1. Identify all residues within the range 42-84 that are within 15 Å of residue 202 (Cβ to Cβ), of a type in the set (S, T, N, Q) and more than 16 Å from the chain's Cα centre (by Cα); write none if there are none.
2. Can you spot a residue in the range 56-70 that is at pLDDT below 90, open to solvent by less than 70 Å² (accessible area, probe 1.4 Å), assigned to a loop (DSSP other than H, G, I, E, B) and at positive phi?
3. Every residue in the range 162-171 that is under 20 Å from residue 58 (Cα atoms) and open to solvent by 60 Å² or more (accessible area, probe 1.4 Å), please.
4. Out of everything in the range 172-191 that is under 15 Å from residue 144 (Cβ atoms) and outside any loop (DSSP other than H, G, I, E, B), what residue ends up being most open to solvent (accessible area, probe 1.4 Å)?
5. Looking for something under 19 Å from the mean Cα position of the chain (by Cα), of a type outside the set (Gly, Ala, Ser) and open to solvent by 80 Å² or more (accessible area, probe 1.4 Å) - is there at least one such residue anywhere in the range 139-149?
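The values are calculated or read from the model by the stated rules, or taken from the named source; none is laboratory data. Predicted, not measured: the structure shown is a model, and the values here were computed from it. Glycine gets a Cβ as well: all are built from the backbone with ideal geometry, and neighbour counts include every protein chain shown. Side chains are part of the model used for accessible areas, which takes the heavy atoms of the whole protein and leaves out ligands, DNA and RNA. Shrake-Rupley method; radii C 1.70, N 1.55, O 1.52, S 1.80 Å.
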Amino acid sequence: MSKRISAKHKLDRRVGENVWGRPKSPINKRDYGPGMHGQRRKGKLSDFGLQLMAKQKLKGYYGNISEKHFERTYNEAVRQRGNTAELLIGLLESRLDAVVYRSKFVPTVFAARQFINHGHVKVNGVRTNIPSMRLKVGDVVEVKEKSRNMALVLEALQSAERDIPDYLEVDPKKMTATYLRVPEFAEVPYQCTMEPNLVVEYYSS
């Protein structure tokens, strides 16, 4: 667990933004990079550096996604017809862990992955423990009845930190979320600036 928290906090400081909008983010107190050379003056990033930063930030936002898995998701977006940047965001937002996080069943995307791994979630009435599962429009995500009184869940639902996006229909009493449609990039409530167009440029170069 400590490894995840450390990595999460390092990402905030490395990119110089509060990526998840969390009040405990170290960037709120130390707005410089991690490590012994973090306070040195930063040079201007090259085009490649900006593209890499955008990719690392987007990949990091969704938790512990591996580089291999993220690139596979990008390649899937490329194969589809349409705007690759928009398609990439749509694929990432259709992940089960992203939907559990957006529905405010848990406080962080890291908690969402663990919550699903431990079997607390059903999709269309069937228990699943795969955080990367891709949801289809109309799928219903449900917190198992035995898990609904967990302090983690109740605290997240009552939190005012985040709003539930329009592409999900959430019933807080039944603790269900329906995936209504694939979102456009402009609809996704990122707490920091995301630049999926630079991610596309990174993989295209």
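1. Selection gives 46, 51, 75, 84.
2. Within the range 56-70, one or more residues are at pLDDT below 90, open to solvent by less than 70 Å² (accessible area, probe 1.4 Å), assigned to a loop (DSSP other than H, G, I, E, B) and at positive phi.
3. If the condition is that a residue be under 20 Å from residue 58 (Cα atoms) and open to solvent by 60 Å² or more (accessible area, probe 1.4 Å), then 163, 164 are the ones that fit.
4. Among residues in the range 172-191 that are under 15 Å from residue 144 (Cβ atoms) and outside any loop (DSSP other than H, G, I, E, B), the one most open to solvent (accessible area, probe 1.4 Å) is 176.
5. no
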